Amino acid sequence: MKRKITKSLVEWKASKTKKCLLVVGARQVGKTYSIEEFAKENYPSNKIISINFELFPEAKKFFENDLSPKAIMNKIQMNIRFMNIDFKDDENNPYFIFLDEIQSCENALISLKSFSLENKLYHVIASGSLLGVALARSFHGSYPVGYVSHLEMKPFDFEEFLWAFNYSEDFIEQIRMNSNSKDISLSTHETLLGMLRKYIVIGGLPSCILTFLNSNDFHKVYEIQQDLKRGYIQDIRKYAENHNESLKIEKCFASIPFQLKQQNKKFMYHRVEEGGRVRKFKDALDYLYEAGLVTFCYNTKTIQSPLESYKKEESFKLFLFDTGILMSMFHEEKRYLVLNGNDDLDIGGIYENLVANILSLNPYEHELYYYNRMDMDIDFLKEENGKITAIEVKSGNNLKSPSLNKLKNDESKKDVYLLKLSSKIVYEEQDIHNLPFYQFALLNSKK
């Protein structure tokens, strides 16, 4: 399936000053598949050396003692797994080396510095699903700062999802660039809204999308999501420092759907466990963030640039990295509520999670923000070049926006762009802009 990361990998290969590339992201977002497909299309097979440190733990011996490329390659050459590799050094025909699950081999991570210094002979991509966890908790070596480029891979965005269902790039571009959603025909609107609802339920993980494409069965997708969720739990148990920490992380992870069902979606520790406090669960939340499983959205003291300067560290909402995994944590019938466009009291949290995922696809959007006080609740604040956009998410039929109207009438906030997202085609209100969710998703997807 086509992914946007391929373009970035091709650009990396073409760079004359390339460093080793480190591709990070949560498990099962498609890192390994995308990198291997890129290698097959851009390098001869007898120059591709692929090592997965979890599937091939013996490979750690290649990275013992001398970490120079020559010493490492000499050890690799002696292993029968690589008997078909052409080990003749040739700058016109460089090696492609893929070091997968590199968090399992600390010395391999350290060796990236020496490989970068010889980038004409060695094109090296490393990948790690739990690298953030490993670096924060168990890495003791010297990280190759300045010798590694970073690329984060996330689940399929909505545009990639449409590609998987054979929607053409030209059609998608027309929808993206149509400044007035009211000009979109009703049939097109209903079709794209239906696809967006499928995207929410299926999510952006490749195995879930492929399962649906092959079966057209949402229950089979649900079963895959349950397996993936169990895998994330197994990772927690593997990388947590002890059983007690594992339990705390699992409790926080399991509490997210309940947190998002509430009218006030601020993350509250007592919802994790009666009497829960920040001191007990902060490290657990840090793990979920380091593993790429959650996104923090911080409350701000005021709607003013730069938002980062006004964030409240202790006040935040927590969103899952993929709506499909979120949906799998609710009762299965809720999936059909979403698919059929039905509303209920807690469905708004699902759409807020969707918007959080869309916003976090922006590589420059390191943190998300919102604003909440007694008389005003703005779901998201987006900042670009000092310009702030206030976003309200309307999942149901009630499109009234008291908070945006308050902002509209605030003379000190005249420069704030007011945006309402919903499932409707809505004519523009005075000073408040309206977009259907699907168009917002396409406008904010990386080309």
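Between 0 and 90 degrees, the angle of helix 106-116 with respect to the longest Cα principal axis of the chain falls at about 80 degrees. Its Kirkwood hydrodynamic radius, worked out from the mean inverse distance over all distinct Cα pairs, puts segment 156-204 at 11.3 Å.
Taking a sphere under 11 Å around the Cβ of residue 79 and counting the other residues whose Cβ falls inside, with K and R at +1 and D and E at -1, yields a net charge of +2. Label-to-label distance, residue 55 versus residue 247, with points set 7 angstrom from Cα along the beta-carbon direction: 3.6 nm.
Taking the longest Cα principal axis of the chain as reference, the axis of helix 243-261 is set at about 30 degrees.
Work out the P(r) tail for segment 349-392: percent of alpha carbon pairs separated by more than 17 Å, whole number. Working shown, then result.
Working: 293 of 946 pairs.
Everything past 17 Å amounts to 31 percent.
Over the C-alpha trace of segment 80-167, radius of gyration and Dmax come out as 16.6, 47 angstrom.
Taking the Cα centre of the chain as reference, the dipole from Cβ charges on Lys and Arg (+1) and Asp and Glu (-1) amounts to some 420 debye.
Ignoring solvent entirely, what values of log10 I(q)/I(0) come out of the Debye formula for segment 280-399 at 0.21 Å⁻¹ when each Cα is a single scatterer? With no solvent term, the Cα-only Debye profile gives -1.29. Between residue 268 and residue 145, the simple label model (points 7 Å from Cα in the Cβ direction) yields a spacing of 4.1 nm. From most to least packed by mean Cβ count within 10 Å, the peptides 389-397, 287-295, 216-224, 77-85 give 287-295, 389-397, 216-224, 77-85.
I want the antiparallel fraction of DSSP beta bridges within the chain, as a percent rounded to 5.
Of those bridges, close to 35 percent are antiparallel.
From its DSSP helices (H runs of at least four residues, each -39,500 (n - 2.57)), the chain gives a residue-normalised ellipticity at 222 nm of -12500 deg cm²/dmol. When the Cα positions of 72, 172, 389 are compared along the charge dipole of the chain, 72 comes out farthest toward the positive end, with charges on each C-beta of Lys, Arg, Asp and Glu. Look at the dipole of the chain built from charges on Cβ: of 20, 351, 336, the Cα furthest out on the positive end belongs to 20. Round to a whole angstrom and tell me the spacing of the C-alpha centers of segment 12-28 and segment 34-84. First find each Cα centre; the distance between them is then 16 Å.
Listed by chain and number, the lysines placed with their C-alpha closer than 20 angstrom to that of residue 4 are 13, 18, 31, 40, 154, 446, 447; residues fewer than eight positions away on the same chain are left out.
Subtract the Cα-Cα distance of residue 66 and residue 2 from 0.36 nm times their separation in residues, and report this length gain in nm to one decimal. Kindly include the intermediate steps, with their values, before the conclusion.
Numbers: separation 64, 0.36 × 64 = 23.04 nm, distance 3.90 nm.
That works out to 19.1 nm of additional length.
Between residue 84 and residue 238, the FRET efficiency estimated from the beta carbon spacing at R0 = 30 angstrom works out to 0.35. Placing pseudo-labels 7 Å out from each Cα toward the beta carbon at residue 195 and residue 17 gives an inter-label distance of 3.9 nm.
Starting from the Cα-Cα distance between residue 340 and residue 166, subtract it from 0.36 nm times their residue separation and give me the gain in nm to one decimal.
Details: separation 174, 0.36 × 174 = 62.64 nm, distance 2.23 nm.
That pair, residue 340 and residue 166, stretches by 60.4 nm at full extension.
Note on residue 376 and residue 120: with the Förster distance fixed at 56 Å, the Cβ-Cβ geometry gives a FRET efficiency of about 0.45. When the square roots of the Cα gyration tensor eigenvalues are ordered a ≥ b ≥ c, the ratio a/c for segment 149-288 is 1.5 or more and a/b exceeds b/c, which makes its shape prolate. Once you order the gyration tensor axes a ≥ b ≥ c over the Cα atoms, which shape class does segment 242-307 get: rounded for a/c under 1.5, otherwise prolate or oblate by comparing a/b with b/c? Prolate, because a/c is 1.5 or more and a/b exceeds b/c.
Here the average projected area of the convex hull drawn through the C-alpha atoms of segment 206-345 stands at 10.5 nm².
Normalised by residue number, the volume inside the convex hull of the Cα atoms of the chain is 160 Å³ per residue. Would you be so kind as to identify which of 184, 212, 402 lies farthest towards the positive end of the dipole of segment 158-443, taking Lys and Arg as +1 and Asp and Glu as -1 on Cβ and the Cα centre as origin? Ranked along the dipole, the leading option is 402.
Taking every alpha-carbon pair under 8 Å whose residues sit at least 6 apart, the chain reaches a relative contact order of 15 percent. Take segment 5-152, drop everything but the C-alpha atoms, weight them equally and run the Debye formula without solvent; then report log10 I(q)/I(0) at 0.10, 0.21 Å⁻¹ to two decimals. For segment 5-152, the Cα-only Debye profile gives -0.30, -1.58.
Every number in this text was worked out from the coordinates using simple rules, so none of it is lab data. Owing to the predicted nature of the structure, the values given are computational and were not obtained by experimental measurement. When we count neighbours, we look across all protein chains shown, and the Cβ atoms used for this are built from the backbone with ideal geometry, even at glycine.
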